[in-house]
Each structure stands twice: as structure tokens, then as C-alpha cells.
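Here it is, the structure in full.
The values are calculated or read from the model by the stated rules, or taken from the named source; none is laboratory data. In this text the structure is predicted, and so the values were computed from the model without any measurement. When we count neighbours, we look across all protein chains shown, and the Cβ atoms used for this are built from the backbone with ideal geometry, even at glycine.
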Amino acid sequence: MVRRLTDYLDKNSVKYVVLTHSPAYTALEVAVTTHVPGREVAKAVMVNAEGKMCMAVLPSSYMIDFGALQKALGKADAELAAEADFRESFPECEVGAMPPFGNLFGIDVYVDQHLIEQPEIIFNAGTHRELIKMATDDFQRLVQPKVFSFGVKRKKLEDEVDIMP
């Protein structure tokens, strides 16, 4: 997946950095391991919105407010998707390490406003050991996500993660 993603970024003239780290399985773990503020590390969360799979992307130090997400999507029901429901949609990725480029997989992407406010975005590149860091503006240009506010800050963890250099 890393190769497919970097080829896509190269083809679109995007400047980026690939970072390698010891295995980390949550976006907050990635932030701590790499000494990056949690607000800059994006997590891609798969959501089942009335039977349609979509990707909600938000800072690792935030959690989804499903009421706000449902309202923004215009859906009466939106919930975390079961792994079995989306695993096959990302054949090149380790489970839970999907990059926030749902557009490459035919999946709608919704991004929380708090993440877009950051100048750079860092995210899993399909594995639990590799990240890509790039300008948020380039991410928006390539993915063209729908942006709105659906994230709620995880106060306790935010304070711990964001004090890092």
C-alpha cells in the first residue's frame, strides 16, 4: 500500500515524508511513539451510515460525536463499522492502518474540521509501522473530502499527547 500511495502522491506532485516507527496500533500510540501532537495524527474510522460504508477522519486525540456525524450526513443512523464489513475493501492494508484516502478505494471521506485546521497531516500508510506526513492542503486537494465538525476532544489524552515537542 505504501508504494501505491507514494506513487499517487508523486503523480500529483505532492511533497511528503515517509516515516518508519516501531509497531503502533492506535493513532494515539502513533502520536506518542513518533513524538507528534495528537491533533496532527489523523485516524481513519470506518462508519456504517444506514448500510453505506464511509470513512470518518479526525485527529487521534478526538473521538466521533455520532449525533453530529448523523446530522451532517443526513442519516438517522451511523455507527462504527464492524471490521468484517470493510476488511476486504482495503486488501493492501493491515487492518486498522488504512490511510485516509478512501477515494482510492471508492469510499466517501468525511473529515473533521479540527484536523483540517492543522498545517500538516500525518497518517498510517497502510501498515502499523509506516506513516506519511504531508501538507493538509495537498490532502484536501487530492481527497476532496466533505469537511464539517463531528469530533470531540478527548481531554485527558489530548493533554498528555500535545505537550510533546
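When you check ALA97 against the structure, is it assigned to a loop (DSSP other than H, G, I, E, B) and either under 17 Å from the mean Cα position of the chain (by Cα) or not aliphatic (A, V, I, L, M) (or both), yes or no?
Against the criterion (assigned to a loop (DSSP other than H, G, I, E, B) and either under 17 Å from the mean Cα position of the chain (by Cα) or not aliphatic (A, V, I, L, M) (or both)), ALA97 qualifies.
From the list ALA24, ALA84, ALA42, exactly one residue is among the aliphatic types (A, V, I, L, M) and part of a loop (DSSP other than H, G, I, E, B). Which is it?
Step by step, each of ALA24, ALA84, ALA42 is checked, and only ALA24 is among the aliphatic types (A, V, I, L, M) and part of a loop (DSSP other than H, G, I, E, B).
In segment 111-130, which residues are without any contact (Cβ under 8 Å) to a residue 60 or more places away in the chain and touching a helix residue (DSSP H, G or I) at 6+ places or on another chain (Cβ under 7 Å)?
Selection gives ILE116, PRO119.
Could you count how many residues in segment 45-81 are of a type in the set (Ser, Thr, Tyr) and assigned to a strand (DSSP E or B)?
Number satisfying all stated conditions: 1.
Considering only residues of segment 50-78 that are crowded, with 21+ Cβ neighbours inside 10 Å and without any contact (Cβ under 8 Å) to a residue 40 or more places away in the chain, which is farthest from PHE90 (Cα to Cα)?
Filtering segment 50-78 for residues that are crowded, with 21+ Cβ neighbours inside 10 Å and without any contact (Cβ under 8 Å) to a residue 40 or more places away in the chain, the one farthest from PHE90 (Cα to Cα) comes out as LEU73.
Okay, next question. Collect the residues in segment 1-21 that are β-branched (Val, Ile, Thr) and either surrounded by fewer than 17 Cβ atoms within 10 Å (Cβ to Cβ) or in a loop (DSSP other than H, G, I, E, B) (or both), keeping them in residue-number order.
If the condition is that a residue be β-branched (Val, Ile, Thr) and either surrounded by fewer than 17 Cβ atoms within 10 Å (Cβ to Cβ) or in a loop (DSSP other than H, G, I, E, B) (or both), then THR6, VAL14, VAL17, VAL18, THR20 are the ones that fit.
Kindly provide the set of residues from segment 20-39 that are modelled with pLDDT of 85 or more and under 16 Å from the mean Cα position of the chain (by Cα), ordered by number.
If the condition is that a residue be modelled with pLDDT of 85 or more and under 16 Å from the mean Cα position of the chain (by Cα), then no residue fits.
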